[in-house]
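Notes follow once the structure below has been shown.
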Amino acid sequence: MEQLNRGETPKKEKFNFKEKKENTVHSLFEVEHFLHDFRNICKGLKLYQILRK
């Protein structure tokens, strides 16, 4: 990162919509897979409890 002199404000980066969109889609994809895996784990635990009895 650039060294700022006293009284200077940092330059704002240009808003990159394409990059933000890709990051958002990727994050939602990861959340969706996490929830799907969590549901499968819950189903497996329920099946284990039923078969254990």
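The values are calculated or read from the model by the stated rules, or taken from the named source; none is laboratory data. Computed from a predicted model, the values in this text were never measured in an experiment. Here Cβ is always computed from backbone atoms with ideal geometry, including for glycine, and neighbour counts include all displayed protein chains. Heavy atoms of the whole protein, side chains included, go into the accessibility calculation; ligands, DNA and RNA do not. Shrake-Rupley method; radii C 1.70, N 1.55, O 1.52, S 1.80 Å.
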Inter-probe distance in nm under a simple model that places probes 7 Å from Cα toward Cβ, at K14 and L35 = 3.6
remark   = Averaged per residue, the 1.4 Å probe accessible area of the chain, protein heavy atoms only, in Å², is roughly 118
query = For the chain, what are the per-bin percents of Cα-Cα distances with bins 5 Å wide, up to the bin holding the maximum?
reply = 4, 15, 10, 9, 10, 8, 10, 8, 6, 6, 5, 4, 3, 2, 0
